[in-house]
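First the structure, in the form of structure tokens, and then the observations on it.
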Amino acid sequence: MIPQTSASTPRSGARGQRQAPPADPRPTPLPDTAHAHADTRPLRLHILGSGSKGNCALVEGPQGLIMIDNGFSRREVISRMHELDLDEADVRALFLTHEHSDHVSGVAVWCRRFDGPLFASRGTAEARKYLACLPFEEFMPGDTLEIAGVHVDTFPTTHDVVNPVGFRFSCNGDAIGYATDTGTLTPGAMRALADARILALESNHDVPMLRTGSYPRYLQDRIVSAEGHLSNAQAADAVRELVTERTEELVAMHISQENNRPSLAVRALAHALGATLDNELGSSATLERAEGSSLRIRAAGQNRPMSVG
């Protein structure tokens, strides 16, 4: 776990303190073991889509859902949420990683029927006219926030935009690390992402595929630059430090449809950690540990939603 920083409080931060929905007046009693499990592992990650055609994810905490980015139509977001048995009325807040259209094109329409707090790093909303008119509360990368019962650590990423960020979501000893659209992982990012139970990390491209593919050279150079995207090899190098015995789920994010394959990303991560492929396709892999726990490695898709944790 990273130490808690003494970060500044965002403007009107009280808006983020949403009350939990009323409890069921006739709750079903749970055994003690189930209560203990709920107290220590309350977080789940739902990825509605990850890639250049649209990005949206949801962190499920004790008081509802926290949305990360929204690059889909409202209808598509709701359809994919329902596939995962999620209710759009449970979304408590929305955070942006950065202002590229595949991450924010659906935000304005979504907000027509959403009155929860909106958060973006300083300058991000102003970079898009259709975001600048929305009531975003700004923070600086490195700030910490408390939203819907979840502690949110922000950290800077390196991408060719105004002020890109990644997140660590923590609650009751549980943690999710989330970083996409970054050309490098700074020491601060590495500290924030380390030792999370769920780690969602960009594994955008396979360098040989990119260099021999159809993209023009200038675009190839942008992607592999320090302000571009993490490759499979870079992600594999990072997880050797980020993954600990606590980590149970590792998800390869923002996989390029032109310059990568999910199996290549999974294989690279599995090789780095000594995990075994679950099938010949390489669609997932598992690392069985001596103490009986395991780590599962999967790839997020552009078109299929998935729940993790």
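The values are calculated or read from the model by the stated rules, or taken from the named source; none is laboratory data. Computed from a predicted structure; not experimentally measured. FYI the Cβ positions are ideal-geometry reconstructions off the backbone, even for glycines, and counts take in every protein chain you see. Just the protein is used for accessible areas: all its heavy atoms, side chains included, with ligands, DNA and RNA removed. Shrake-Rupley method; radii C 1.70, N 1.55, O 1.52, S 1.80 Å.
Numbers below:
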| quantity | calculated |
| --- | --- |
| Residue under evaluation D87, criteria (1) open to solvent by less than 20 Å² (accessible area, probe 1.4 Å); (2) free of Cβ contacts under 8 Å to residues at least 40 places away in the same chain, criterion not met | (1) |
| Residue within the stretch 270-282 that is free of Cβ contacts under 8 Å to residues at least 60 places away in the same chain, under 19 Å from G183 (Cα atoms), part of a loop (DSSP other than H, G, I, E, B) and open to solvent by less than 50 Å² (accessible area, probe 1.4 Å) present | no |
| Some residue of the stretch 168-185 being of a type in the set (V, I, T), open to solvent by less than 10 Å² (accessible area, probe 1.4 Å) and in contact with a helix residue (DSSP H, G or I) (Cβ under 6 Å, 6 or more places away or on another chain) | no |
| Subset of the stretch 291-300 [modelled with pLDDT of 95 or more and part of a loop (DSSP other than H, G, I, E, B)] | A300 |
| Residue match in the stretch 124-131 (condition: outside any strand (DSSP E or B), closer than 30 Å to N259 by Cα and open to solvent by 20 Å² or more (accessible area, probe 1.4 Å)) | yes |
| Of the criteria (1) of a type in the set (V, I, T); (2) touching a helix residue (DSSP H, G or I) at 6+ places or on another chain (Cβ under 8 Å); (3) under 27 Å from S52 (Cβ atoms), which one V152 fails | (2) |
| Residue identified as part of a helix (DSSP H, G or I), modelled with pLDDT of 95 or more and open to solvent by 60 Å² or more (accessible area, probe 1.4 Å) among E245, E227, E258, E241 | E241 |
| Only listed residue being modelled with pLDDT of 95 or more, under 21 Å from L45 (Cα atoms) and hydroxyl-bearing (S, T, Y), chosen from S101, S73, S121 | S73 |
| Single residue of the stretch 78-92 satisfying the filter (part of a loop (DSSP other than H, G, I, E, B) and aliphatic (A, V, I, L, M)) that is farthest from G64 (Cα to Cα) | L84 |
